[in-house]
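The values are calculated or read from the model by the stated rules, or taken from the named source; none is laboratory data. Only a predicted model underlies this, so the values are computations on that prediction, with no experimental measurement involved. When we count neighbours, we look across all protein chains shown, and the Cβ atoms used for this are built from the backbone with ideal geometry, even at glycine. Surface areas here come from the heavy atoms of the whole protein model, side chains and all, with no ligands, DNA or RNA. Shrake-Rupley method; radii C 1.70, N 1.55, O 1.52, S 1.80 Å.
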Amino acid sequence: MQRPEAWPRPHPGEGAAAAPTAGPAPPARAGEPAGLRLQEPSLYTIKAVFILDNDGHRLLAKYYDDTFPSMKEQMAFEKNVFNKTSRTDSEIAFFGGMTIVYKSSIDLFLYVVGSSYENELMLMSVLTCLFESLNHVLRKNVEKRWLLENMDGAFLVVDEIVDGGVILESDPQQVIQKVNFRADDSGLTEHSVAQVLQSAKEQIKWSLLK
């Protein structure tokens, strides 16, 4: 899948919450009830991607809009989602006006969050790509210990799949090739180091405040 170029990307400083505004919707056709108008399509389809351990604690998370603007709201949302999904055999949940697809692996829970009208198969393709890519990066050990030891690679995987809420790639083989290229080309980038350190600091801070 090629990187979409049709929509303008948000500029630095605007935040991941920036979503495309395509102008006013075209007027309803004669005799068409306004309530039957479908949501205008958008490339900005992913609200969040996060991975929790089997106690519901955050290990990795990226949010792409302002639905949960603060860290406290994000972690409360993650805890509620975990409580709703951790004891079920389903792979999809509807919570708070959002569609959530998820998958467990040993002591990890992987989540992809979209809006209530988002295509479930599209969300599932992102989740499957995330799992298969991590399975390769973690050498078939998709569990907490190996994730923590390879957090830089995990962030690279997520960034190759979703950028600013836009799905860039759903083929794990393509993701793995790009991650390997970036790792070989520049090693652990300053950006990914900063992400890892910030995530660790936030986790420690909220653990102390509990």
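On a 26 Å Cα-Cα criterion, which of the cross-link pairs LYS72/LYS178; LYS103/LYS144; LYS84/LYS178 come out too long? The answer is LYS72/LYS178; LYS84/LYS178. Extending 7 Å from the Cα toward the beta-carbon at both LYS84 and GLU143 defines two label points whose distance is 3.0 nm. By accessible area, using a 1.4 Å probe on protein heavy atoms only, region 54-184 has 48% of its surface on carbon and sulfur. To two decimal places, what compactness ratio does region 46-188 give when its Cα radius of gyration is scaled by 2.2 N^0.38 Å? Rg over 2.2 N^0.38 Å, computed on Cα atoms: 0.98.
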